[in-house]
Amino acid sequence: LLSSPCFSLFRSAGEGAEIEYHFTESEKTPMDFVNFVMALSPIVVVLVGILGFRQSAKRVAPVALLWTLLLAFTYFNVSGASFKDNVAVYDALLWKGIKEGLKIVLMVFGAFVILNLLRDTGAIDAVKGAIARISDDRRVQVVIIGMMLPIFLEGAAGAGSPAAIAAPFLVALGFDPVTSIALALLGDATPCSWGGAGLTTINGGAALTDAGLSTVALNSAMVGRIHMFGVLVIPFIMVAMTFGRKGFKGIVPYLTFAGVTTCATMFILSNFVGAEVTSMGTGLISILLSVVYVKVVGVKTPEEYRYRFTSQEKKYGPFRAMSPYIYMLVLLPAVRYGFPALVKNGFAVMCTFGYIVWVDVVILICGFLGAMTLKTGWKQYGQICAKTVGHVMPVLVTMGSLLVVSYIMQSPSTGMMNLLASDIAAVVGRFYPAAAVLIGSSGAFITGTGLGSNIMFAQMHIDAAASLGMNPITIFAGQNAGASLGNLICPNNTVAACATVDQVGNESEVMKKTFKAFAIILVLYMVLAMLYTCVLFPNFGM
């Protein structure tokens with residue numbers, strides 16, 4: 001073991017250069033600290049602008065982009081590329097950001113069209129009644145819609161669909177929009193380690209499997225052993241976030257049941273079934289078990305937490321009113337699993353224009369089918385779409401800017417993201433497993449995806465584990481869990497979720513709520529990563 005392992009970051013000059021990590025025993029210099037601060041500064045600009053100055057993300061994001069471009073052309077022009085060469089590199093990243101931003105905005109548009117459709121037709125009242133029939137306890141609604149439904153949706157589709165669907169559901173039930181967004185993001189903080197059909201663990205851990213150090217089954221099993229404790233505490237965090245301490249009155253038995261059953265289901269599926277079905281199966285089984293508990297055991301609901309359905313007129317039946325979401329719950333998993341089974345190279349065909357595009361198309365189709373089911377006229381449907389376009393256009397500026405910032409920070413031309421990760425790792429020594437969780441979260445914070453974070457840092461963790469004599473499987477599990485958790489506070493995800501319930505500009509309020517939950521779970525995961533690597537499972541899979 002190295003008593004004080006440090007990373008040195010070397011880069012070969014030239015276009016398309018790759019970054020290699022080398023472990024050495026060295027001391028950090030003042031200039032290393034300055035480099036770290038400069039690499040971190042785009043993140044600081046975003047956080048200070050949104051949280052410190054309470055500015056909307058659509059104002060902060062372009063400023064962060066300009067600052068990042070300035071750094072890329074000057075301070076982090078480490079290969080000495082000419083101005084013309086840099087323009088070519090970052091022009092391509094700019095257009096990539098716009099293109100990828102459009103894909104995200106298209107999903108936001110589809111989700112917001114459905115919400116506006118339900119509002120304008122009055123079907124939203126019937127939606128409230130249908131959900132309330134599961135339980136009239138608003139705290140139970142928070143757990144089922146805020147946590148269990150996003151876990152299911154992440155496994156069925158991923159790509160941001162959980163927050164785009166769960167947040168409008170909660171708003172329809174009368175919850176504060178900002179709180180609804182925070183709850184939906186928190187509910188999606190654990191299943192992202194598997195993503196749609198296990199993609200995040202399968203592809204994100206490919207470096208370990210290709211090197212013969214692990215298998216998909218082992219990667220899934222170990223990250224499941226971390227996240228099982230996340231879903232154990234999240235129901236309690238959700239109630240505290242929504243109702244405060246007094247909200248626990250009479251609900252602790254149910255929260256304990258919900259946490260334990262979701263925890264056990266996630267453990268069993270991730271350890272004994274497979275990465276492909278862990279998220280979707282956990283969400284679905286947990287919902288069913290909660291419904292059984294509520295109907296058989298029941299919950300003692302104080303009047304202040306009882307949902308009261310006041311609408312007198314029943315314009316639509318519950319299934320008709322919820323038709324857009326019912327279509328979605330059926331079509332998302334059907335397309336994800338059915339299309340590749342029916343068409344040769346079906347998954348590759350689905351991802352021709354990017355993974356998120358097929359999700360966009362399905363949501364748009366569900367909105368259209370919902371409009372037909374609700375017998376909405378063409379004129380009214382056109383007006384709803386036109387109104388929605390006006391609401392989501394500012395999102396394109398924000399998402400495009402943030403995505404370009406992330407691409408520049410990830411780019412080998414700057415190496416900013418890798419510099420941040422290597423410097424974090426350089427000072428932790430024997431606490432590297434905990435640092436892996438933080439590095440994973442940082443990667444997802446910047447990239448907006450757990451998959452991107454896993455791919456970016458998997459090799460670094462392999463090298464670290466080899467040098468420190470630690471288990472690469474447990475270290476990567478910490479990375480994978482942290483990457484999933486990082487989605488909770490990612491500005492890109494916050495902006496997209498805000499747009500689905502017409503809360504663009506309130507990102508600071510959402511992030512204040514999510515940061516508290518993030519900090520609690522981050523500490524828990526760091527402790528688990530240390531415990532698993534150094535005490536409980538040092539030889540797991542070896």
Pairwise label distance in nanometres, V260 with L288, each label 7 Å out on the Cα-Cβ vector: 2.0 nm
Distant-in-sequence amide H partners of D137 (H built 1.01 Å from N, under 5 Å): Y307
The chain pair-distance distribution - Cα-Cα, 10 Å bins, rounded %: 4, 19, 29, 27, 15, 5, 1, 0
Rounded to 10°, Cα long-axis angle of helix 378-410 versus longest principal axis of the chain: 20 degrees
Equivalent ellipsoid dimensions for the range 154-263 as semi-axes, Å, which come from the Cα gyration tensor, largest first: 31, 18, 9
Extension gain, A348 back to A386 (0.36 nm per residue minus Cα-Cα distance, nm): 10.4 nm
FRET efficiency, 1/(1 + (r/R0)^6) with R0 51 Å, evaluated for E303 and D91 via beta carbons: 0.25
Neighbour net charge for M241 - beta-carbon separation under 12 angstrom, K R +1, D E -1: +4
Average accessible surface area per residue within the chain, 1.4 Å rolling probe, Å²: 39 Å²
Rounded to whole Hz, the Karplus (6.51, -1.76, 1.60) HN-Hα couplings of the range 120-130, x for glycine and proline: 5, 8, x, 5, 5, 5, 5, 4, 4, x, 5
Evaluated over the range 355-457, the Cα radius of gyration and Dmax, each in Å: 20.6, 65
The chain, relative contact order in percent, only Cα pairs under 8 angstrom and at least six apart counted: 27 percent
Span from the the range 354-378 Cα centroid across to the the range 473-502 one, whole angstrom: 26 Å
In nm, spacing of pseudo-spin labels at M38 and L51 (7 Å Cα→C-beta vector): 2.5 nm
Counting all C-alpha pairs of the range 288-348, share separated by more than 19 Å (%): 65 percent
Integer Hz, Karplus 6.51/-1.76/1.60 couplings in order for the range 187-196, x for Gly and Pro: x, 9, 6, 9, x, 5, 5, 9, x, x
Principal axes of the range 486-542: Cα extent on each, largest first, Å: 49, 21, 13
Under the Debye formula (equal points on every Cα, no solvent term), log10 I(q)/I(0) of the range 252-394 at q = 0.09, 0.10, 0.18, 0.21 Å⁻¹: -0.48, -0.59, -1.20, -1.24
Helix 161-172 axis, angle to the chain major axis (alpha carbon atoms, nearest 10°): 40 degrees
Kirkwood-type radius of the range 34-106, with distances r between different C-alpha atoms, in Å: 13.6 Å
Semi-axis lengths, Å, the range 205-276, gyration tensor of Cα atoms, sqrt of 5 times eigenvalues: 33, 12, 6
Relative contact order computed over the range 130-262 (Cα-Cα under 8 Å; 6+ residues apart), in percent: 24 percent
Protein accessible area in the chain, 1.4 Å probe - carbon and sulfur %: 66 percent
Viscosity 0.890 mPa s, 25 °C: Kirkwood-radius Stokes-Einstein D of the range 45-171 over Cα pairs, µm²/s: 134 µm²/s
Overall Cα dimensions of the range 236-281, principal axis frame, Å, largest first: 39, 17, 11
Full-stretch length increase - I520, V296 - with 0.36 nm per residue and alpha-carbon distance subtracted: 77.4 nm
Over the chain: helical MRE at 222 nm, DSSP H runs n ≥ 4 each giving -39500 (n - 2.57), nearest 500: -23500 deg cm²/dmol
Percent of C-alpha pairs per 5 Å bin, the range 108-182, short to long: 3, 16, 26, 27, 20, 7, 0
Cα Rg over Rh - the range 390-516, Kirkwood: 1.04
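The values are calculated or read from the model by the stated rules, or taken from the named source; none is laboratory data. What you are looking at is a predicted structure, and each value in this text was computed from that prediction instead of being measured. Ideal geometry is used to build each Cβ from the backbone, glycine not excepted, and the neighbour counts take in all protein chains shown. Side chains are part of the model used for accessible areas, which takes the heavy atoms of the whole protein and leaves out ligands, DNA and RNA. Shrake-Rupley method; radii C 1.70, N 1.55, O 1.52, S 1.80 Å.
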